[in-house]
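Report on one structure; see the data block that follows.
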Amino acid sequence: MYPFNYHQPKSAEEAAHILAANPEAKILAGGQTLLPTMKQRLAGPSDLVDLGAVGDLAGISEKGGTLRIGAMTPHAEVAKSPVVAKAIPALAALAGGIGDPHVRSVGTIGGSVANNDPAADYPAACIALGATIHTTNRDIAADDFFTGLFQTALADDEIITAISFPAAKKAAYTKFRNPASRYAIVGVFVAQAAGGVRVAVTGAGENGVFRVGEMETALDKNFSADAVAGIAVPADGLNSDIHANAEYRAHLITVMAKRAVAAAG
Amino acid sequence: MPTVSMTVNGKEVSAEVETRTLLVQFLRDHIGLTGTHVGCDTSQCGACVVHVDGKALKSCTRLAVQCEGASVTTIEGLAANGALHPMQQAFHENHGLQCGFCTPGMIMSAVDMVERLGNKLDEKTIRQELEGNICRCTGYHNIVKSIAAGAEAMK
């Protein structure tokens, strides 16, 4: 690991100031991706801005059918929260399937969303549920937030403070996971809400999470696994690696979508 | 270099460290507690699991400076007054190890598992919860048996 300066601000605003003053600084949330990346010397930030002492960034609440999860809330807290289980059980299940117990006790929702790993689970939930990403500067619709591979709409000195998820009528997440890393080879989050059905795919796209419009239209008419069974997603633009080639991932999208719809009931 | 202070196994400790010093390096190299092992150093194997403020985490994926003021329990802190912790005793009785390298992490994870999920742990739950702990000898059979017995004994 390359050396760095360490900061532990007490507020998100103070953290944003440090980020603004140090262009090569990075935010440290749970650190379950950043620290391994730094250990491999794939990242060498000049400064780490640890959000661990910013008290008001963690916590879960529900109001008027919208679930709000603080950015520093660890996956394990989301997985075991009765509030989440009642409002959006699919989200609790998703959180409980990230990494392993030790990663879940430390890794955070804000870190996952800000990193926008193309195989991370939370981006699929954000897109399918039509989440809003709250930051130190503004509120960003999930549709506008994930802009590409490890890329988001966040400015360099902007910090995610919380994420709001409107509850869905029906929702489920199914992932075909890499047995070693537990990342999604393909993960599909299906949600049926007042505005219609959304199908978001993670793990497969070269540019990260994406929606499958054809499946959404079919499910709007008939919310059943049969409705998506015949819909094939083209392999163009999907990842190929040692774990799965693009054609296999394309096939898995339909399989996972069917299972997610069936699980959503 | 910053000075980091924390409570390790009930004892106040402090050392001057680089900001990039990992918790596991702090424990092993600065405090001399070498029971916590480094297996993979890539956050996958779980040999370095310790408890920080009651949460089991991988000490190779935590900076020492993040643990300022924290209360840390390592494998050395489990046995009280010379008597093995019930989970350690269960690993001993069920031969829950082969080479023994992963054992500290396995036991720290097992104790955390019982604290989170209770004393009745079925095989499926134990295997699922061991996702983050790798035994390179593949000695899982007796590890699972040990954890089930240890969980009962912790009542």
- Task: Take the residues in region B:131-148 that are assigned to a loop (DSSP other than H, G, I, E, B) and under 13 Å from B:SER109 (Cβ atoms), then tell me which one is farthest from the other protein chains (Cβ to nearest Cβ).
- Result: B:CYS135
- Task: Select from region B:18-35 the residues that are at the interface with chain A (Cβ under 10 Å from one of its Cβ atoms) and either touching a His at 6+ places or on another chain (Cβ under 6 Å) or free of Cβ contacts under 8 Å to residues at least 24 places away in the same chain (or both) and list them in ascending order.
- Result: B:GLU18
- Any chance B:GLY46 is out of contact with any strand residue (DSSP E or B) (no Cβ under 7 Å at 6 or more places or on another chain), buried (at least 22 other Cβ atoms within 10 Å of the Cβ) and either assigned by TED's automatic domain parsing to the domain that holds B:ILE31 or in contact (Cβ under 8 Å) with a residue 24 or more places away in the chain (or both): no
- Note on the structure: Of (1) away from chain A (no Cβ under 14 Å); (2) at positive phi, B:GLY118 fails just (1)
- Task: Please go through region B:130-143 and pick out each residue that is surrounded by fewer than 21 Cβ atoms within 10 Å (Cβ to Cβ) and in contact with a helix residue (DSSP H, G or I) (Cβ under 8 Å, 6 or more places away or on another chain).
- Result: B:GLU131, B:TYR140
- Message: Would you confirm whether or not region A:89-98 contains a residue that is of a type in the set (A, V, I, L, M, F, W, C) and without any contact (Cβ under 8 Å) to a residue 12 or more places away in the chain?
- Response: no
- Message: Kindly evaluate B:SER59 against the criterion of being touching a strand residue (DSSP E or B) at 6+ places or on another chain (Cβ under 9 Å) and either free of Cβ contacts under 8 Å to residues at least 40 places away in the same chain or aliphatic (A, V, I, L, M) (or both).
- Response: yes
- Query: Has region A:189-204 got any residue that is more than 27 Å from A:ILE60 (Cα to Cα) and either assigned to a loop (DSSP other than H, G, I, E, B) or without any contact (Cβ under 8 Å) to a residue 24 or more places away in the chain (or both)?
  - Reply: yes
- Task: Scan B:GLY35, B:GLY96 and give me the residue that is in the same structural domain as B:GLY139 (by TED's automatic domain parsing), closer than 24 Å to B:GLY139 by Cβ and buried (at least 16 other Cβ atoms within 10 Å of the Cβ).
- Result: B:GLY96
- If we scan region A:45-52, do we find a residue that is within 13 Å of chain B (Cβ to nearest Cβ), part of a helix (DSSP H, G or I) and either touching a residue at least 60 places away in the same chain (Cβ under 8 Å) or surrounded by 18 or more Cβ atoms within 10 Å (Cβ to Cβ) (or both)? yes
- Within region B:13-39, can you find the residues that are of a type in the set (Asp, Glu) and within 19 Å of the chain's Cα centre (by Cα)? B:ASP29
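The values are calculated or read from the model by the stated rules, or taken from the named source; none is laboratory data. This one's a predicted model, so the numbers in the text were calculated from it and none came from an experiment. Glycine gets a Cβ as well: all are built from the backbone with ideal geometry, and neighbour counts include every protein chain shown.
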